[in-house]
Amino acid sequence: MVSKNIYFELVFRIISIAATAIAMAFFYFDTQYLVASILLILLIIQTYYLIQYVNHTNRKIAYFFEAIKNEDFTLRFPEKLSVKSLEELNHSLNMLNAMIQDIHLKKQSQEQYYQEVIKQANIGILTFNKKGHILFANPKIEELFNYKPLNHIKQLAQVDKSLYELFAGLKPFDRKLIKLTNEREKKQIAIKTTSINLNKEELLLVVAQDIHQELDEKETDSWVKLIRVLTHEIMNTITPITSISESILKYYKTDNGILPIEEINPGLLKNTVKGLEVIKDQGGDLMEFVQSYRSILSMPAPDKTIVKAQKLLEKVKVLMHQENQNSQVIFNVITNPEELELFIDEKQISQILINLIKNAFQSLESQKQLYTPEKPGIIRITAGISSQEKKYIEVWDNGAGIPTELIEEIFVPFFTTKNTGTGIGLSLSKQIMHLHGGTLKVHSIPNQETSFVLYF
């Protein structure tokens with residue numbers, strides 16, 4: 001409505017000027033110079049007022065936007081004027097000013113709210129620019145680093161030199177773990193980063209959290225699970241040894257002492273030998289069990305080389321050929337992209353894959369009666385790059401799956417649901433992936449599918 005009124009006002013003034021100019025020209029050529037002179041003066045006056053009108057309108061709009069730019073919302077224009085178009089313009093500018101002020105106040109309120117949330121958050125939050133200047137640091141991160149106020153990352157060198165070096169080398173999407181120790185406490189701080197743009201300036205957002213207590217709890221839980229398994233295995237071995245030893249002692253002990261040699265008959269010796277053989281076998285099992293435990297603790301560091309994923313999977317497939325010959329399982333190998341390369345210890349990763357594939361064959365074998373030519377047992381090994389740009393190898397099967405209640409237990413050393421085996425395969429595999437700087441993840445739906453994924 002305002003723009004129309006201004007438009008009509010401008011059109012009217014321009015038409016008036018044009019009409020005056022035409023009339024002036026008519027009277028000038030008709031030699032009526034007096035009338036033409038009067039019209040010329042009128043034309044000059046009309047043009048002057050048109051310029052004044054346009055300049056006044058432009059200045060008013062310029063003042064308005066300058067006030068908005070400076071966040072000055074006190075500017076008000078008079079709404080009772082003789083010129084209708086200017087009156088309506090002033091009214092509209094005042095309304096727009098009120099709306100912008102309302103939006104500004106709401107924005108301020110939201111900013112205060114979010115700032116308060118960040119201040120009260122139980123995680124440390126910090127942002128700094130490329131020059132190391134800290135633009136924001138909440139109280140929690142100042143508490144974690146025991147330094148206040150934080151203005152520049154160089155100040156972190158006063159807390160711990162390694163902490164400053166870590167921050168100086170941080171890049172977007174980094175994940176780091178640093179240990180800080182002082183006289184009072186020990187902290188293990190997990191750090192995550194991401195890149196943000198603020199006012200055309202690239203900043204690094206850092207989130208820090210002390211996970212020392214959480215790690216302690218998980219470590220304690222792991223020890224409890226391990227001790228439970230160790231106790232179970234050792235007791236299963238020692239109990240028969242103790243029982244047989246007691247039986248043998250009864251053969252040769254009497255109320256008066258030891259049984260005389262002349263009373264020892266061949267049957268008694270035969271039973272003794274059998275008992276000693278059982279003790280020997282049980283002792284051997286216990287030694288094997290202990291040796292398995294040592295193999296976990298003495299895992300060598302990976303000897304990494306660049307390996308073509310396709311070549312690795314084909315090699316593993318050949319190694320598992322005998323297993324596949326004895327079953328009706330479909331064994332597929334997929335690499336996407338075909339030229340995918342991995343920086344790994346080939347022997348160690350092959351060991352993981354063979355163990356996982358053997359487990360898959362056993363899972364399929366346990367329910368082979370359910371498979372048909374139309375719905376066969378399948379093992380699929382896939383190497384590729386995830387949506388998070390991480391290289392991976394997946395071992396998938398449509399076997400019996402893993403019960404939900406056992407998912408958390410399968411990586412505990414010596415835990416097994418099988419009648420044979422030491423139960424260290426998966427825990428050893430996880431240890432190997434840890435040494436590679438990667439992870440081993442499992443997903444399973446009972447009686448449907450199981451997937452183990454090696455992320456590098």
- Note on the structure: XL table K130/K304; K119/K187; K368/K390; Cα-Cα > 26 Å flagged, in table order, is K130/K304; K368/K390
- Message: Sort M235, M320 by Cβ crowding within 10 Å, fewest neighbours at the top.
- Response: M235, M320
- Task: Please work out how much length the chain gains when fully extended from R59 to D281, using 0.36 nm per residue of separation minus the C-alpha to C-alpha distance, in nm with one decimal.
- Result: 69.7 nm
- Message: Please enumerate, by chain and number, the lysines with C-alpha under 23 Å from the C-alpha of K186, excluding those fewer than 8 residues away in the same chain.
- Response: K140, K148, K154, K161, K176, K218
- Ranking of Y28, Y48 by count of other Cβ atoms within 10 Å, fewest first: Y48, Y28
- Query: Three principal axis extents, largest first, for the C-alpha atoms of the range 121-210, in Å?
  - Reply: 43, 26, 23
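Read the figures in this text as sums done on the coordinates, not as results from a lab. Predicted, not measured: the structure shown is a model, and the values here were computed from it. So basically every Cβ, Gly included, is an ideal-geometry build from the backbone, and we count neighbours across all protein chains shown.
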